[in-house]
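Derivation of every value follows stated rules applied to the coordinates shown; laboratory data play no part. Because the structure is predicted, anything quoted here is derived from the model rather than measured. Heads up, the Cβs are rebuilt from the backbone with ideal geometry, glycines too, and the neighbour counts pull from every protein chain shown.
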Amino acid sequence: MTDNQETGRSDRLSVEHASVGDIRVVILRGEIDHDVKDALSEALLSRNDDQRHRIVADLSGVTFLDSSGINVFVQVHQRVSAGEGWLRLAAAQESVARVVQLVGLDAVLSCHSTVEQALTA
């Protein structure tokens with residue numbers, strides 16, 4: 001199952017949702033910054049009515065990530081972990097992966113080279 005969601009700033013971030021079993025894959029494209037942080041949070045959390053969120057964020061189409069996006073990922077991680085769920089990051093481009101590593105987000109969240117690895121970890 002796949003569906004699309006455009007943020008209020010479609011030129012900056014677009015979101016698609018897919019399901020693989022009981023895991024939701026959120027496919028992100030564009031820039032993640034202060035202007036789209038609320039849309040990112042909503043995209044990661046709003047589509048799952050189940051208390052146990054299992055989410056893979058596909059970052060392969062993300063070209064920019066700032067501290068606002070990092071904060072959203074940490075907040076979502078904390079929220080879903082409290083409900084015995086998880087958030088995994090996958091397929092980040094080199095520039096985005098570097099930011100994730102520099103701020104230590106990869107020590108907090110499970111980060112994977114591919115979506116397939118994130119789904120099976």
**Report entry** Helical mean residue ellipticity (222 nm; -39500 (n - 2.57) per DSSP H run of 4+; nearest 500) of the chain
**Finding:** -10000 deg cm²/dmol
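To the nearest 20 debye, what is the magnitude of the charge dipole of the chain about its Cα centre, counting +1 on the Cβ of each Lys and Arg and -1 on the Cβ of each Asp and Glu? Walk me through the numbers on the way to the answer.
On the way: 11 positive and 18 negative charges, 50 e Å.
Computed about the Cα centre, the dipole is about 240 debye.
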Report task. Quick one: which residues, 5+ away or cross-chain, put their amide H under 5 Å from the amide H of ARG54? H built at 1.01 Å from N. Result -> ARG24, TRP86
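Thinking of region 82-121 as a set of Cα atoms, what percent of all their pairs are more than 12 Å apart?
58
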Query raised in the report: How many nm is it between the label spots at LEU102 and LEU119, if each spot is 7 Å from the Cα in line with the beta carbon?
Result: 3.2
Report task. Mind sorting out which of (1) 2, 9, 9, 12, 15, 18, 16, 10, 5, 2, 1, 0, 0; (2) 2, 10, 22, 25, 23, 13, 4, 1, 0; (3) 2, 12, 24, 28, 22, 10, 2 is the real P(r) over Cα pairs in 5 Å bins from 0, in percent computed from the coordinates? Result -> (3)
Query - Restricting region 12-116 to GluC sites (Glu not before Pro) in coil, as DSSP defines it, with at most 11 other Cβ within 10 Å - result: GLU84
Requested in this report: Specify the longest stretch of the chain that does not include any exposed loop site, a site being one of the trypsin sites (Lys or Arg not before Pro) with a non-H, G, I, E, B DSSP assignment and at most 15 other Cβ atoms within 10 Å.
Outcome: 53-121
Query raised in the report: Taking +1 at the Cβ of each Lys and Arg and -1 at the Cβ of each Asp and Glu, which of ALA91, VAL20, VAL108 sits farthest along the dipole of the chain towards its positive end, judged by Cα position relative to the Cα centre?
Result: VAL108
Query raised in the report: Under a 5 Å amide H to amide H cut-off, with H placed in plane at 1.01 Å, what residues pair with VAL20 once short-range neighbours are removed?
Result: VAL25
